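So the structure is just underneath, and the comments pick up after that.
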Amino acid sequence: MRVYALIVGESETVLWGLTSQQRLQRQLAELPDCEIATTVDAVPNDAHVLCVRADFVYETRTLARLLDHPETVLCHSGQPAAGYGSQANASALVAGLEGGDLAGFARVEPGDLAAYEDNLRKAEVPLLLPISPDQRQALQDRLYGRSYKGITDLVTKWFWPRPARVVVGWCAKLGISPNMVTLTGLLLVIYAGYAFYVGDYWFGLVAGWIMTFLDTVDGKLARVTIKSSRIGHVLDHGMDIIHPPFWYVLWGMSLSGPVFGWPLADLYWWTFAGYIGGRLIEAAFHGLGACSLFDWRPFDAYFRLITGRRNPCLIIFTLGLALGSPEGAFFAVVAWTVLSTGMLLLRLAQATAVRMVNGPLSSWLADPAVAASSYPRAFRSFSRTRGAYRNE
């Protein structure tokens, strides 16, 4: 059913360069089949209405989760912030959010909404906080922290969050778009590959590490400013998927002769076979249930920290070069890529067996309460990226 959204009130506090009205307009535009209306009279009789107060800050998924609860008001510590219901009750809903009577509507708090988010592989209660000028920095920090995946590689999870927050702030202040950051990263991808090919390994690694940092910045900038685009999404994710094995092979092409007795041509084939095989295994896993390979069990979340993706492989390249062995670095990256894919294949086989016996798979994070009690340390580590929050 078509949903019409009404923004009630306003707030002058600017968060990540956006007023509350601007932020809500962008978030509402991301909801499926949702159109912003200016008045209750503009809502058709057969539609539903989503009313949101502009003096609260939300995640987009907070509003999306509320759409699963018709004739319901979402509250923060008992204070109504948003509501969803039929057009017949729209006037009463708007009046209630403005301080009137909300009798007849069910009430939920953010903790009553689904916490697990498969897209970002984390399990946090959907965000809902009142906006006040004295809490501006804290709210910005909260929005930034919420932009992070819970399960990712060790560099993105533990090393990039704090410096990336600074750069995201500069970009938001200067009006630099996520696509501009992504295109800068693309230029660095090309230069790093060339540097590897001609044997300028350190220059290539510097460019590669800066690129991986910008890969964090563009995604977080897009989320905090609600400025993602289809072109940016395709460019960012397409670049992430395609370039790593070419980097590895270009590094190998700078070498001469066999590496530890292995012909270079064979190592090139193993590189592509291992990398593409791993990606195909991850894609196949989605057919087993409502989770990805890396958030099926805690073991998989831990393995995602070091699995044979770009950032862990860059660590191997950097350590190998520091030890004075570009050949050893290349061989180690190829070996780790293949071994990682072997582990993913084993996990796919195990998951398939479980799927045949118990039905569709679900993530260990799907029920946060159970996950927190059953795997307390893993839950603390992977339910969110704590380093993305200023005080954690």
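The values are calculated or read from the model by the stated rules, or taken from the named source; none is laboratory data. Values in this document were obtained by computation on a predicted structure and should not be read as measured data. Note that each Cβ is placed from the backbone with ideal geometry, even for glycine, and that neighbours are counted across all protein chains shown. For accessibility, only protein heavy atoms count, side chains too; no ligands or nucleic acids. Shrake-Rupley method; radii C 1.70, N 1.55, O 1.52, S 1.80 Å.
Listing for the model above:
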{"quantity": "Residue among Ile241, Ala273, Gly99 farthest towards the positive dipole end of the chain, charges placed on Cβ", "calculated": "Ala273"}
{"quantity": "Contour minus Cα-Cα distance for Thr19 and Glu71 (0.36 nm per residue)", "calculated": "15.9 nm"}
{"quantity": "Potential lengthening between Asn45 and Val198 on full extension [0.36 nm per residue; Cα-Cα distance subtracted]", "calculated": "48.4 nm"}
{"quantity": "Estimated inter-spin distance, Glu30 and Phe260, nm [label 7 Å along Cα→Cβ]", "calculated": "4.4"}
{"quantity": "Reachable lysines, given that their alpha-carbon falls under 18 Å from the alpha-carbon of Lys227 and they are not under 8 places away in the same chain", "calculated": "Lys149, Lys173"}
{"quantity": "The range 83-109 and the range 171-215: distance between their alpha carbon centers, rounded to Å", "calculated": "50"}
{"quantity": "Using a Förster distance of 45 Å, the FRET efficiency for Arg380-Ile190 (Cβ separation, nearest 0.05)", "calculated": "0.70"}
{"quantity": "Linear extension gain, Leu339 paired with His237, 0.36 nm per residue minus alpha-carbon span", "calculated": "34.3 nm"}
{"quantity": "Estimated D of the chain in µm² per second, where Rh is the Kirkwood radius over Cα pairs and Stokes-Einstein applies at 20 °C, 1.002 mPa s", "calculated": "93"}
{"quantity": "Point-charge dipole on Cβ atoms (K/R +1, D/E -1) for the chain, about Cα centre, debye to 20", "calculated": "940"}
{"quantity": "Among Val108, Gln79, Leu174 the positive-end extreme of the charge dipole of the chain (Cβ point charges)", "calculated": "Leu174"}
{"quantity": "Residue with peak Gaussian network fluctuation, the chain [Cα springs, cutoff 10 Å], from Leu102, Leu255, Leu174", "calculated": "Leu174"}
{"quantity": "Ranked packing of 176-182, 111-117, most packed first, by mean Cβ within 10 Å", "calculated": "176-182, 111-117"}
{"quantity": "Between 0 and 90°, nearest 10: helix 326-358 axis offset from the chain longest Cα axis", "calculated": "50"}
{"quantity": "Cα gyration tensor shape for the range 312-392, rounded if a/c is under 1.5, else prolate or oblate", "calculated": "oblate"}
{"quantity": "Burial ranking of peptide ranges 188-196, 17-25 (average Cβ count within 10 Å, highest at the top)", "calculated": "188-196, 17-25"}
{"quantity": "Selected from Leu67, Leu31, Leu323 as most flexible by GNM, with the chain as the system and alpha-carbon contacts under 10 Å", "calculated": "Leu323"}
{"quantity": "For Arg107, residues with placed amide H under 5 Å, excluding near neighbours", "calculated": "Val73"}
{"quantity": "Sequence of Ile151, Ile7 when ordered by accessible area, the most exposed leading, probe 1.4 angstrom", "calculated": "Ile7, Ile151"}
{"quantity": "Folded to 0 to 90 degrees: helix 20-30 orientation relative to the chain principal axis, Cα", "calculated": "70"}
{"quantity": "Distance in nm between pseudo-label sites at Glu98 and Met356 (7 Å out along the Cβ direction from Cα)", "calculated": "6.3"}
{"quantity": "Residue-averaged 222 nm ellipticity for the chain, from DSSP H runs of 4+ at -39500 (n - 2.57), nearest 500", "calculated": "-18000 deg cm²/dmol"}
{"quantity": "Those residues of the range 132-146 whose amide nitrogen sits under 16 Å from the label point placed on Asp55, 7 Å along Cα→Cβ", "calculated": "132-136"}
{"quantity": "With Cα atoms, 0 to 90° folded angle of helix 136-146 axis to the chain main axis", "calculated": "50"}
{"quantity": "Rounded Å value of the spacing that divides the Cα centres of the range 321-392 and the range 63-78", "calculated": "33"}
